[in-house]
Every structure is written in C-alpha cells, then in structure tokens.
Amino acid sequence: MSEQTMQLRPPRHRVHRRAIWYWTASAAPLWLVLVAAQVVALVVGWGWLRHWWVVTLPVTVLLAAAHLIVMPQWRYRVHRWEVTPEAVYTQSGWFNQERRIAPVSRIQTVDTDRGPFEQIFRLTNVTVTTASAAGPLRIHGLDRDDALRVVDQLTADTQAERGDAT
C-alpha cells in the first residue's frame, strides 16, 4: 500500500440529502420545548418576569430559526465519507470538524443502526470499529441501500486482508 493512497484527505461522498431534514427534525423538539416554556411563562405572567419573557421570546424564536436553517445545511456540506479497498475515510462535525481515516487492516467490526427517527427518514448509520484508541468511525445519514453496500464492501475487504486487525 503506498503512502499516497492513505493520505488524510476529504472523502468523496456526501451523506444522503434526507439527512438535512433528519437533523432539522432532531433539533426542533428542544427549541419547541424552550419556546413553549417561554410562552407559558408569558401567559401565566409571573410578576416582573413577564417583561423579561416578552423580550426573550422573540430572541429565542430567531435563534431557533437560525439554528434550524443553518445547522442542517452546514452539516450536510461537512459530513462526507468514502470507502476504498485500502481505507475508510470520514469527515464530520459542525463547529468541531473531524476528519479520520482507518486502514482496512485495522477494522474489527462493521455495524449498522437505525433508530426510530432515522427509520422515518429512511436513513442508516454505519459504525466501523477499529483497533484504535480514537474510537470507531461513524458515517451518519446514509441511504439504507448505500449503507448495505458499504457494509458488504468492507466485509469483503476485511476478509481479503491478512492480519488480525490489531
């Protein structure tokens, strides 16, 4: 394996576009609870706090709207993945962005998971566990068929690789 093949570089593939809606829907409940609590406090009118809620409610709504519009788009542009016969490449994050590479020879397990919310959006996550102290590589927001292809490819590549992944 050449050194050039294993460069830490941006992966080629984006996650599925449905991940944008998933990230939006995942963030919305927290904002809804916060806005609802402020509306209840405003309606109940807890004395001097009523004036404070009148001022903070519009700010909360603006922050929520900005977060729900910007964050999913930003994450979609950052989150990337790629699987080659030599390695798995991932890039993720929002504020703190992380780029990782795992040689196929270091892969121990490959798993998929789909929580109830991911199932609604028809998305699947792939987790690649390696012999690394940095922990597993995670690819969030893949279409189910893409995730199954990734798992199949990595299973074939790791079986063809000699060694014990340590």
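The values are calculated or read from the model by the stated rules, or taken from the named source; none is laboratory data. Being a predicted model, the structure only gives us computed values, none of them experimental. Cβ atoms come from the backbone with ideal geometry, glycine included; neighbour counts cover every protein chain shown. With ligands, DNA and RNA removed, areas are computed over all heavy atoms of the protein, side chains included. Shrake-Rupley method; radii C 1.70, N 1.55, O 1.52, S 1.80 Å.
Only residues that are more than 14 Å from the chain's Cα centre (by Cα), open to solvent by less than 90 Å² (accessible area, probe 1.4 Å) and over 16 Å from Thr155 (Cβ atoms): list them for region 106-120, please.
Once the filter is applied, which keeps residues that are more than 14 Å from the chain's Cα centre (by Cα), open to solvent by less than 90 Å² (accessible area, probe 1.4 Å) and over 16 Å from Thr155 (Cβ atoms), region 106-120 yields nothing.
Quickly run through region 55-67 and pick out the residues that are crowded, with 16+ Cβ neighbours inside 10 Å and touching a residue at least 24 places away in the same chain (Cβ under 8 Å).
Of everything in region 55-67, those that are crowded, with 16+ Cβ neighbours inside 10 Å and touching a residue at least 24 places away in the same chain (Cβ under 8 Å) turn out to be Thr60, Ala64.
Against the definition (part of a helix (DSSP H, G or I), over 11 Å from Tyr76 (Cα atoms) and at pLDDT 95 or above), how does Leu42 come out, yes or no?
So Leu42 fails the test.
Quick one: how many residues across region 140-157 are more than 18 Å from Ile120 (Cβ to Cβ) and either in contact with an Asp or Glu (Cβ under 6 Å, 6 or more places away or on another chain) or open to solvent by less than 40 Å² (accessible area, probe 1.4 Å) (or both)?
Selection size over region 140-157: 4.
Between residues in region 68-89 that are under 21 Å from Pro29 (Cβ atoms) and residues that are open to solvent by 20 Å² or more (accessible area, probe 1.4 Å) and part of a loop (DSSP other than H, G, I, E, B), which pairs lie under 8 Å by C-beta distance while being six or more apart or on different chains?
Met71/Trp94; Trp74/Trp94; Arg75/Trp94; Tyr76/Arg17
Any residue in region 46-61 that is small (Gly, Ala, Ser) and part of a loop (DSSP other than H, G, I, E, B)?
yes
Mind checking which residues of region 121-139 are open to solvent by 10 Å² or more (accessible area, probe 1.4 Å), assigned to a strand (DSSP E or B) and either closer than 17 Å to Pro72 by Cα or touching a Lys or Arg at 6+ places or on another chain (Cβ under 7 Å) (or both)?
Of everything in region 121-139, those that are open to solvent by 10 Å² or more (accessible area, probe 1.4 Å), assigned to a strand (DSSP E or B) and either closer than 17 Å to Pro72 by Cα or touching a Lys or Arg at 6+ places or on another chain (Cβ under 7 Å) (or both) turn out to be Thr127, Thr130.
Do we have Ala19 as assigned to a helix (DSSP H, G or I), out of contact with any Cys (no Cβ under 9 Å at 6 or more places or on another chain), loosely packed, with under 14 Cβ neighbours inside 10 Å and not polar (S, T, N, Q) here?
It is false that Ala19 is assigned to a helix (DSSP H, G or I), out of contact with any Cys (no Cβ under 9 Å at 6 or more places or on another chain), loosely packed, with under 14 Cβ neighbours inside 10 Å and not polar (S, T, N, Q).
Pick out the one residue from Ala36, Ala28, Ala41 that is surrounded by fewer than 16 Cβ atoms within 10 Å (Cβ to Cβ) and without any contact (Cβ under 8 Å) to a residue 40 or more places away in the chain.
Ala36
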